[in-house]
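*Asks:* Take this structure first; my questions come after.
The values are calculated or read from the model by the stated rules, or taken from the named source; none is laboratory data. This structure is a prediction, so every number in the text was calculated from the model and none was measured. A quick note on method: Cβ atoms are made from the backbone with ideal geometry, for glycine too, and the neighbour counts reach across all protein chains shown.
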Amino acid sequence: MTDILTSSHPEANWWRQAAVYQIYPRSFSDANGDGLGDLPGVTARMGYLSALGIDAIWLSPFYPSALADGGYDVDDYRSVDPRLGSLDDFDAMVAAAHAVNIRVIVDVVPNHSSNRHAWFQEALVSAPGSPARARYHFHDGRGDDGELPPSDWPSHFGGAAWTRVVEAAGPNAGRPGQWYLHLFATEQPDWNWDHPEVREDFHTTLRFWAGRGVDGFRVDVAHALVKDMSMPLRSKPKLEILVDDGTDALFDRDAVHTVFEGWRQVMNEYDPPRIAVAEAWVPFTNRRLKYARPTELGQAFNFDLLQAPFKAAEFRSVVQKCLAEADVSGASSTWVFSNHDVVRHPSRYALPDGSTAKELEAWLLADGATPPTDLERGLRRARAATLFMLGLPGSAYLYQGEELGLFEVADLPHEALTDPTWFRTNHLVKGRDGCRVPLPWDDAEPNNGFGGTPWLPQPAWFAGKAVSAQDGVPGSTLELYRSALDWRRKLQGEETLEWLSEPTDIVTHYRRPNGWEVITNFGGATALLPSGVDLATVVLASSGEPAPAGHVIPGETTFWLAP
Ligand code: NOJ
């Protein structure tokens, strides 16, 4: 058996400093013209992805699904949604990716299935207490007639985390009966991870995809699988994790790690061993790093940079903390600014300084109208932040469309919205559709070359952001990403970093072991470059413009210096 740290496979470490490009399949490229992106669409764009210079793609779920939560409600873990293609299409996509040396990561969604999954359907028609119910969390309600949910737990998308079923079998057939747990939408019943069949079935799923050539897995809500379901259920009116000792009722419980140790055994059956990255919104680094240990998944997302204000001191301290975390876990660090769950980072940075998460939500709810944004500044900062991040040791996770400098589509027509959050909060929280609008490829074609009429409408300004409008255009965001990913490959070395210059509130300056230096001016005004910096060695500026004369760096700009 191999091991991710000791495998002698020449490519065993491909993931440690990879640039991973997240594809949200329904919104990437639509080959069959039905308005929904698909797997042949991904295959058709492999040349684009290869030229972009990424090392891997991570596909959000493409499995059969009613799309109650954008595919994170999985009907069948070992199949492809017929609207997105077939298993043959999947194999063709993997082959095309591997042919250009791009690795493939797929999403695994182990906290919940969809309510259309065969085992949940079986549970629904089975009586309370039956073996079929035991694979999920079915409980009697409280109150005289069981009319109250078993606990006060809320769901992530609004509303209660419990839904009552009408019994189909047993003495109460035809009447309201038990409740099932769903930490997300009603259509996403949570698995019972204490059940051996559930554990075994996920091993089968991992082997199914690994056997088809998949190189890694992104593990959805990894920290939620194991819950304290002992009676009486504990009160937890908010879903935050307040303790860092593994005793929270719902999240980051110590026992979750035995699940991932089992996964590691399975992933080590392959050579090179398969890699996995945990999506674990665990606020404590000492706890988060456990998921990333080589005996478990191998990597864990950290969203610290994503959540940090655009400030030198904050960015620097996040990096220090995350690199220290990686040192302990043995993993490489991960970095991310955007994904399919958050407002795109050029828009976040366009909001007034100091805007809180609540204010960001309010801005979305106001369709992006108030407070006013400074989009030019937002994109300038986003480009500077991206170059700051791409220089760091570890893996960079990029989200489709960020290489085009896409903003959030904050003003989607309300009738077009699909996010369960929008519905479950009675339209009080907008949700995530605005970062999921299908990509613009060619402004000369209908639907900007995406394919059929996109399932979420593209705004008029998408045409100006299309690949065709940026391809070969010096200074465009697309060309900046291409150059950056190219230089990153050439300059990358050991996974360490040395901070240069005294820390200031304005400028950060670090050097990688092979002499690659990254200087970022987080301030709005031009700043003096640290002394000793040779301007002639600047190979890339986030502005896309040549470095100006004088020993200065413009505001909200990153320079890359090559030895
Ligand atoms: C995290 C995923 O990224 C998100 O899109 C999804 O809604 C939840 N997990 C539930 O699966």
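*Asks:* Considering only residues of segment 408-447 that are acidic (Asp, Glu) and within 16 Å of the ligand (Cβ to nearest atom), which is farthest from Gly70 (Cα to Cα)?
*Replies:* Glu408
*Asks:* Moving on. Would you point out the residue of segment 141-170, among those that are of a type in the set (Gly, Ala, Ser), buried (at least 16 other Cβ atoms within 10 Å of the Cβ) and in a loop (DSSP other than H, G, I, E, B), that is nearest to the ligand (Cβ to nearest atom)?
*Replies:* Ser155
*Asks:* Let me ask something else. Starting from residues that are buried (at least 16 other Cβ atoms within 10 Å of the Cβ) and at positive phi, keep the ones in segment 66-110 and report whichever is nearest to the ligand (Cβ to nearest atom).
*Replies:* Gly70
*Asks:* Hey, can you tell me all the residues within segment 448-464 that are within 16 Å of the ligand (Cβ to nearest atom) and either over 22 Å from the mean Cα position of the chain (by Cα) or surrounded by fewer than 18 Cβ atoms within 10 Å (Cβ to Cβ) (or both)?
*Replies:* none
*Asks:* Looking for whichever is assigned to a loop (DSSP other than H, G, I, E, B), touching a residue at least 60 places away in the same chain (Cβ under 8 Å) and among the polar types (S, T, N, Q) here; the options are Gln17, Gln22. Which one fits?
*Replies:* It is Gln17.
*Asks:* Moving on to the next point. If you go through segment 364-382 one residue at a time, how many are charged (D, E, K, R) and either on the phi > 0 side of the Ramachandran plot or touching a Pro at 6+ places or on another chain (Cβ under 8 Å) (or both)?
*Replies:* Here the count works out to 2.
*Asks:* So if I check each of Phe251, Phe208, Phe260, which one is out of contact with any Cys (no Cβ under 7 Å at 6 or more places or on another chain) and in a loop (DSSP other than H, G, I, E, B)?
*Replies:* Every option except Phe251 fails the conditions.
*Asks:* Within the bounds of segment 226-233, is there any residue that is away from the ligand (no atom under 16 Å from the Cβ), free of Cβ contacts under 8 Å to residues at least 12 places away in the same chain and closer than 22 Å to Glu261 by Cα?
*Replies:* There is no residue in segment 226-233 that is away from the ligand (no atom under 16 Å from the Cβ), free of Cβ contacts under 8 Å to residues at least 12 places away in the same chain and closer than 22 Å to Glu261 by Cα.
*Asks:* Within the group Val409, Val467, which residue is modelled with pLDDT of 95 or more, under 22 Å from the mean Cα position of the chain (by Cα) and crowded, with 18+ Cβ neighbours inside 10 Å?
*Replies:* Val409
*Asks:* Could you tell me whether Glu445 is farther than 30 Å from Asp327 by Cβ and within 21 Å of the chain's Cα centre (by Cα)?
*Replies:* no
*Asks:* A further question follows. Check segment 307-321 and report whether any residue there is without any contact (Cβ under 8 Å) to a residue 40 or more places away in the chain and not in a helix (DSSP H, G or I).
*Replies:* Yes: segment 307-321 contains one or more residues that are without any contact (Cβ under 8 Å) to a residue 40 or more places away in the chain and not in a helix (DSSP H, G or I).
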